[in-house]
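Undergrad: Before anything else, here's the structure in question.
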Amino acid sequence: MPAIPSIELNDGRSIPQLGFGVFQIPPAETAEAVAHALRVGYRHIDTAEMYGNEREVGEAVRASGIDRAEVWVTSKLNNGFHEPGAARRAFDGTLAALGFDYVDLFLIHWPLPTLYDGDYVSTWKTLEELKADGRARSIGVSNFQVDHLQRLMDECDVVPAVNQIELHPYLQNRDVRDFDEDNGIATEAWSPIAQGAVLDDAAIRAIAEETGRSAAQVVLRWHVQHDNIVFPKSTTPERIEENFRIFDFELSEEQVEEIDALDRGEDGRTGPHPERFAYVP
Ligand code: NDP
């Protein structure tokens, strides 16, 4: 099995390009799903306080017997906790739930520009503190748009290591993706297979036929060749295995371009728009 490549972040650390996402996995099923992913070879788990399963992720990592240092774990600040004091307490809660003394990567989950007087800057400065004290080894953001990123770069010291955004063949999010790239911010693609919505696409199915791979493998491979970081979610053991086998084949330039041409812009978006999203649990 070929090794999982790493992406070097702007803080000098290296993140495995393929991980395992646990959004919408019920807590009772999370430990088994993560345990299976770790057995298959995944060494990167993407969770969040909002998902309600940090505890089970931590349990599965510990139960695996794999050295903590060998598993990259990302979590995210929930929307109700952007104010600095609340953010510090929420971070303590994340570490307690995971049962870890650090996370590899901590993200502001959503920018919430219509809440908190549009102040995600003080939130980011709080994450800078968590990085300085070593408990968040890398820090980043999620769902940040170009104007949000620009503001952090103008008003803060640390450039986010990653920006985790909705990105798949139907929503290629090129303006944000390009801004990330131009500014040394790695792009993490959430819902990399659009929760399955791209898998019946005729062009993708044709490439699957040509390569003898599944549609999901083709789409994940397309992300990899664009240097995106991905963490597909599945609770199906065979799919967890299938999604891991994407480093032993390559798409041709023409095949990559055929998938590039599937972008539907805003019509392809499946989740909420980050400029308007204001959900606080
Ligand atoms: P994905 O694009 O990963 O799709 C998951 C869905 O696809 C599930 O229904 C799964 O079904 C199915 N699936 C997985 N693999 C295959 C396969 N090989 N063939 C066919 N179907 C398959 O969606 P997510 O929204 O879960 O995104 C991935 C991760 O991104 C999340 O888990 C989370 O970590 C992160 N995320 C972050 C967000 C943010 O705001 N920062 C928002 C949304 C996601 P089944 O489980 O039944 O096998």
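Undergrad: Within region 13-34, restricting attention to residues that are closer than 27 Å to Glu181 by Cβ and open to solvent by 50 Å² or more (accessible area, probe 1.4 Å), which residue is nearest to the ligand (Cβ to nearest atom)?
TA: Phe23
Undergrad: Take Val230 and decide whether it is among the β-branched types (Val, Ile, Thr), within 21 Å of Glu181 (Cβ to Cβ) and more than 13 Å from the ligand (Cβ to nearest atom).
TA: no
Undergrad: Which of the numbered conditions does Trp72 fail, given that it passes all the others? Conditions: (1) out of contact with any helix residue (DSSP H, G or I) (no Cβ under 6 Å at 6 or more places or on another chain); (2) more than 14 Å from the ligand (Cβ to nearest atom).
TA: Unmet for Trp72, out of (1) out of contact with any helix residue (DSSP H, G or I) (no Cβ under 6 Å at 6 or more places or on another chain); (2) more than 14 Å from the ligand (Cβ to nearest atom): (2).
Undergrad: Considering only residues that are closer than 25 Å to Gly93 by Cα and of a type in the set (Gly, Ala, Ser), which ones fall in region 3-36?
TA: Gly19, Gly21, Ala28, Ala31, Ala33, Ala35, listed by residue number.
Undergrad: Would you pick out the residues in region 113-157 that are among the charged types (D, E, K, R) and assigned to a loop (DSSP other than H, G, I, E, B)?
TA: Asp119, Asp133, Arg135, Asp157
Undergrad: Among (1) under 28 Å from Asn53 (Cβ atoms); (2) surrounded by 14 or more Cβ atoms within 10 Å (Cβ to Cβ); (3) touching a Pro at 6+ places or on another chain (Cβ under 8 Å), which single condition is Tyr279 missing?
TA: Every condition holds for Tyr279 apart from (2).
Undergrad: Identify the residue in region 188-202 that is open to solvent by less than 30 Å² (accessible area, probe 1.4 Å), outside any helix (DSSP H, G or I) and farther than 19 Å from Pro16 by Cα and, among all such residues, is nearest to the ligand (Cβ to nearest atom).
TA: My answer is Val198.
Undergrad: Do you know which residues across region 87-124 are under 20 Å from Arg43 (Cβ atoms), touching a residue at least 40 places away in the same chain (Cβ under 8 Å) and open to solvent by 20 Å² or more (accessible area, probe 1.4 Å)?
TA: Passing the criteria: Gly99, Phe100.
Undergrad: Also, I was wondering about something else. Please verify whether Glu266 is loosely packed, with under 15 Cβ neighbours inside 10 Å, closer than 30 Å to Leu115 by Cα and away from the ligand (no atom under 16 Å from the Cβ), treating the condition exactly as stated.
TA: yes
Undergrad: Please verify whether region 35-52 includes one or more residues that are open to solvent by 30 Å² or more (accessible area, probe 1.4 Å) and more than 16 Å from the ligand (Cβ to nearest atom).
TA: Yes, some residue in region 35-52 is open to solvent by 30 Å² or more (accessible area, probe 1.4 Å) and more than 16 Å from the ligand (Cβ to nearest atom).
Here's the yes/no breakdown for (1) more than 15 Å from the ligand (Cβ to nearest atom); (2) open to solvent by 30 Å² or more (accessible area, probe 1.4 Å); (3) within 16 Å of Gly19 (Cα to Cα):
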site: Val146; (1), (2), (3): yes, yes, no
site: Gln150; (1), (2), (3): yes, yes, no
site: Met153; (1), (2), (3): yes, yes, no
site: Cys156; (1), (2), (3): yes, no, no
site: Val162; (1), (2), (3): no, no, yes
site: Leu171; (1), (2), (3): no, no, no
site: Ala186; (1), (2), (3): no, no, yes
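Undergrad: From the list Arg221, Arg213, Arg205, Arg239, which one is in a loop (DSSP other than H, G, I, E, B) and either within 30 Å of Ser14 (Cα to Cα) or open to solvent by 70 Å² or more (accessible area, probe 1.4 Å) (or both)?
TA: Arg213
Undergrad: Here is a further query. Looking only at residues that are hydrophobic (A, V, I, L, M, F, W, C) and touching a residue at least 40 places away in the same chain (Cβ under 8 Å) in region 37-49, which one is farthest from Phe91 (Cα to Cα)?
TA: Ranking the candidates gives Val40 first.
Undergrad: Restricted to region 125-135, and to residues that are away from the ligand (no atom under 16 Å from the Cβ) and in contact (Cβ under 8 Å) with a residue 24 or more places away in the chain, which residue is surrounded by the fewest Cβ atoms within 10 Å (Cβ to Cβ)?
TA: Only one residue fits best here, namely Gly134.
Undergrad: Just checking, how many residues over region 53-65 are within 14 Å of the ligand (Cβ to nearest atom) and of a type in the set (Val, Ile, Thr)?
TA: Adding up the residues that qualify gives 1.
The values are calculated or read from the model by the stated rules, or taken from the named source; none is laboratory data. As the structure is a prediction and not an experimental result, all values here were calculated from the model. Methodologically, a virtual Cβ is constructed for each residue, glycine included, from the backbone with ideal geometry; neighbour enumeration extends over all protein chains shown. What goes into the accessible areas is simple: the full protein's heavy atoms, side chains included, and nothing from ligands, DNA or RNA. Shrake-Rupley method; radii C 1.70, N 1.55, O 1.52, S 1.80 Å.
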